[in-house]
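The values are calculated or read from the model by the stated rules, or taken from the named source; none is laboratory data. Treat the numbers as computed from the prediction; the structure is a model and nothing was measured. Quick reminder, even Gly has a Cβ in these numbers, built from the backbone with ideal geometry, and neighbours come from all protein chains shown. Only protein heavy atoms, including side chains, enter the accessible area calculation; ligands, DNA and RNA are left aside. Shrake-Rupley method; radii C 1.70, N 1.55, O 1.52, S 1.80 Å.
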Amino acid sequence: NAGVTQTPKFRILKIGQSMTLQCTQDMNHNYMYWYRQDPGMGLKLIYYSVGAGITDKGEVPNGYNVSRSTTEDFPLRLELAAPSQTSVYFCASSAQGNEQFFGPGTRLTVL
Amino acid sequence: GIQVEQSPPDLILQEGANSTLRCNFSDSVNNLQWFHQNPWGQLINLFYIPSGTKQNGRLSATTVATERYSLLYISSSQTTDSGVYFCAVVDRGSTLGRLYFGRGTQLTVWP
């Protein structure tokens, strides 16, 4: 099992550009999450999903969108990148909200 | 949301020393996880421990849910133990498994 995989590993965007962060898990987990980690801080929840077709906002959803068309994939979309979105983004998954497993992260810089 | 406080914020040890990291939380929890974030930024699952005691090699953890704290013990520290240790909890009222993170303990182990 590869677990949770994320692409890309690194990305630099210009203000106003858009991009999609990809997340895939092969553990057949229903629950998936997107978190962001700012320097010196713990992680904060952006969006979550409890199954295909079901998504909802977390603590810091502004500027982001998600979709969940399959159990395996949970992409995160940034429509108009802003410097405040410079962060490290982690995707995670769990079975029924139990122990969460994290991907390796995507380091995003917006200039 | 539930508040998670970790102490100490920083810890510097010589190789071979033992240490105890503490996590206090403000409300009842369903789940509690300890993570190690290595210098490359990866989040590594250490323990899934909503209550009781677990051991894995040189590491062990104890959660006393009724008193709202958890302890992570590291014995015979090695340089590879360096990094940030995070505690994260799911509040008892949640069915979504959303994790609330502390700000972490930065551990540096010198040879």
Q) Residues of region B:79-98 losing 10 Å² or more of accessible area relative to the isolated chain, 1.4 Å probe, heavy atoms only? A) B:86, B:95, B:96, B:97, B:98
(Q) Report the Rg/Rh value for region A:1-102, based on alpha-carbon coordinates and the Kirkwood definition of Rh. (A) 0.95
Q: Return the tail of the calculated pair distribution for the protein assembly as shown, meaning the percent of Cα-Cα pairs more than 25 Å apart.
A: 40
Q) Chains B and A: how much accessible area gets covered up at their contact, both sides added, probe 1.4 Å, in Å² to the nearest hundred? A) 1600
(Q) Whole angstrom only: what separates the Cα centroid of region A:24-78 from the Cα centroid of region B:94-111? (A) 19
**Q.** Point-to-point label distance, residue A:98-residue A:82, nm (Cα→Cβ direction, 7 Å offset)
**A.** 4.0
Q: Treating cross-link reach as a plain straight distance, find the lysines whose alpha-carbon is under 23 Å from the alpha-carbon of residue A:44, omitting any fewer than eight places away in the same chain.
A: A:9, A:57
Q. What is the projected area of the convex hull of the Cα atoms of chain B, averaged over all directions, in nm²?
A. 6.4
Q | Area of residue A:14 that stays accessible when all protein chains are in place (1.4 Å probe, Å², to 10) | A | 140
Q) So, in nm, how far is label residue A:1 from label residue B:18 when the simple model puts each one 7 Å beyond its Cα toward the Cβ? A) 3.4
